[in-house]
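In what follows, a single structure is set out as structure tokens and then discussed.
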Amino acid sequence: MKIVINKCYGSFAISKEAAVYMAKLGSERAKKELEQTKDTFYGYGFVLEMMPDGYDRTDLLLIKAVETLKEKANGYHAKLKVVEIPDNINYVIDEYYGFEKIHEIRSQLILG
């Protein structure tokens with residue numbers, strides 16, 4: 001399974017170019033975000049990921065955007081990377097000041 005994470009301090013964000021790319025491929029999420037943030041510009045990059053539910057990090061169009069556009073997919077203070085983990089693994093994305101890592105969630109057997 002492929003997952004997109006942010007590998008630098010800052011926050012997960014995609015570029016406007018990535019959102020446009022995803023919208024052209026049919027991403028309703030990217031289309032909605034572009035519409036809601038069409039006049040928003042912050043610092044050196046277009047601010048996306050402003051919607052509270054965020055992107056599904058396993059979204060195939062998001063993965064395709066990051067793999068195709070490479071560093072051009074990075075939003076403001078982001079360095080996006082596609083990582084691969086085995087299928088059927090329960091995981092959580094842990095972040096520290098925006099720098100993200102994936103950790104496996106292991107079930108615990110509790111004996112009474």
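The values are calculated or read from the model by the stated rules, or taken from the named source; none is laboratory data. Quick caveat, the model's predicted, so the values are computed rather than measured. FYI the Cβ positions are ideal-geometry reconstructions off the backbone, even for glycines, and counts take in every protein chain you see.
A few comments on the model shown:
- Region 85-110 - residue that is on the phi < 0 side of the Ramachandran plot and under 14 Å from the mean Cα position of the chain (by Cα) and, of those, surrounded by the most Cβ atoms within 10 Å (Cβ to Cβ): Glu100
- Members of region 52-71 that are more than 12 Å from Ile3 (Cβ to Cβ) and modelled with pLDDT under 95: Pro52, Asp53, Gly54
- Scanning region 20-31 for residues that are at pLDDT below 90 and crowded, with 22+ Cβ neighbours inside 10 Å yields a single hit, Ala30.
- Residue list for region 1-27, filter: among the polar types (S, T, N, Q) and either over 14 Å from the mean Cα position of the chain (by Cα) or under 17 Å from Asp94 (Cβ atoms) (or both): Asn6, Ser11
- Filter pass, Ile102 being among the β-branched types (Val, Ile, Thr), assigned to a helix (DSSP H, G or I) and modelled with pLDDT of 90 or more: no
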